[in-house]
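These notes concern the structure reproduced below.
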Amino acid sequence: MLKKLCFIGFIFPALVSAGTNNIDYLNFESQSQFKEFAKDLTGALSVKTLEPAEPLGVSGFDIGISYNLSQFKYDHMDRVSNNGKSSLDTFTIHAVKGLPFGVDFGINYTKSPGSNIETWGGKLSYALIEGGALYPAIGISGNYAQTSGIDALKFNSFGAEVGVSKGFANFTPYAAVGMVNGETQPEELNLGLAGSNLKNESVSMAKFAVGVNINLLLMDVLVGYNQIGEVGTYSLKAGYRF
């Protein structure tokens with residue numbers, strides 16, 4: 001299994017060219033412009049829903065690697081980078097462990113190739129209804145993420161959501177709705193017309209997620225879409241769910 005996951009990790013980066021989007025400085029012309037940037041950052045870097053709502057059980061795991069493409073709404077990456085783009089490519093390593101009483105706990109690490117943007121995150125979920133042959137699974141979950149490796153600013157987010165999923169043969173479609181709060185804190189002096197001292201920005205945005213997990217016997221493939229605020233993220237995940 002470990003060899004197969006390493007193979008997946010090698011293949012996924014080959015699907016896209018190396019990204020850019022370093023966050024090296026702050027150069028905003030207004031506080032409202034920085035708030036727009038905070039909204040884009042929250043939509044792109046908050047934890048994505050890439051698992052069905054069914055609990056894994058005490059012996060279950062969900063492990064995999066995803067490629068994620070987020071499209072910015074306000075496109076202010078040129079305010080923090082010499083190589084900013086209007087979208088963000090990231091790769092995420094996911095690991096979720098089933099626990100007793102319908103509880104699952106997961107951690108994830110996300111990195112944008114060729115960039116200093118990286119996040120660590122976690123997720124805790126509880127199955128209100130575990131699901132069965134005639135009815136879907138319904139669960140609630142909370143998540144947290146924070147950046148590392150960026151000197152110009154600090155970012156963290158937390159959120160909560162309700163999810164539903166129902167398996168059909170080897171297909172398990174799912175959907176979730178919730179809220180996400182993002183906190184963006186400047187750590188360096190602003191170079192733009194907004195003045196040297198930007199204020200912290202806290203933004204709250206709605207989240208909507210849909211996707212389908214496909215069991216191919218040898219591995220699982222998941223195709224998902226997350227909308228956080230006005231930032232949409234398309235994801236392709238490969239791994240194992242058992």
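The values are calculated or read from the model by the stated rules, or taken from the named source; none is laboratory data. Note that the coordinates shown come from a computational prediction; the quantities given were computed from them, not determined experimentally. FYI the Cβ positions are ideal-geometry reconstructions off the backbone, even for glycines, and counts take in every protein chain you see. Ligands, DNA and RNA are stripped out before the accessible areas are found, and what is left, the full protein with its side chains, is counted by its heavy atoms. Shrake-Rupley method; radii C 1.70, N 1.55, O 1.52, S 1.80 Å.
For first residues located in the stretch 171-183 and closer than 17 Å to Tyr135 by Cβ, partners that are open to solvent by less than 20 Å² (accessible area, probe 1.4 Å) and lie 6+ apart or on another chain with Cβ distances below 6 Å form the pairs Thr172/Pro52; Thr172/Ser165; Thr172/Asn213; Tyr174/Pro52; Tyr174/Ser165; Tyr174/Gly211. Among the residues of the stretch 1-23, which ones are surrounded by fewer than 17 Cβ atoms within 10 Å (Cβ to Cβ) and at pLDDT 95 or above? None - no residue of the stretch 1-23 is surrounded by fewer than 17 Cβ atoms within 10 Å (Cβ to Cβ) and at pLDDT 95 or above, so the list stays empty. Give the stretch 152-173 a look and list any residue that's outside any strand (DSSP E or B), open to solvent by 50 Å² or more (accessible area, probe 1.4 Å) and aliphatic (A, V, I, L, M), or say none. Scanning the stretch 152-173 gives a single hit, Ala169. Take the conditions farther than 17 Å from Asp40 by Cα and out of contact with any strand residue (DSSP E or B) (no Cβ under 6 Å at 6 or more places or on another chain) and apply them to Tyr135. Does it pass? Judged against the criteria, Tyr135 is a match. Answer yes or no: is there a residue in the stretch 74-82 that is closer than 13 Å to Phe37 by Cα and of a type in the set (Phe, Trp, Tyr). Looking for residues that are closer than 13 Å to Phe37 by Cα and of a type in the set (Phe, Trp, Tyr), one finds at least one in the stretch 74-82, hence yes.
Considering every residue within the stretch 124-140, establish whether at least one is in contact (Cβ under 8 Å) with a residue 40 or more places away in the chain and more than 25 Å from Ala169 (Cα to Cα). Checked against the condition, which is being in contact (Cβ under 8 Å) with a residue 40 or more places away in the chain and more than 25 Å from Ala169 (Cα to Cα), the stretch 124-140 yields no hits at all. Checking Lys111, Lys123, Lys73 one by one, the residue that is modelled with pLDDT of 95 or more, of a type in the set (Lys, Arg) and farther than 21 Å from Phe208 by Cβ is Lys111 and no other.
In the stretch 211-226, the residue that is least open to solvent (accessible area, probe 1.4 Å) out of those that are closer than 20 Å to Gly43 by Cβ and free of Cβ contacts under 8 Å to residues at least 60 places away in the same chain is Tyr225. Does Leu198 fit the bill of being within 22 Å of Leu45 (Cα to Cα) and open to solvent by 30 Å² or more (accessible area, probe 1.4 Å)? Judged against the criteria, Leu198 is not a match.
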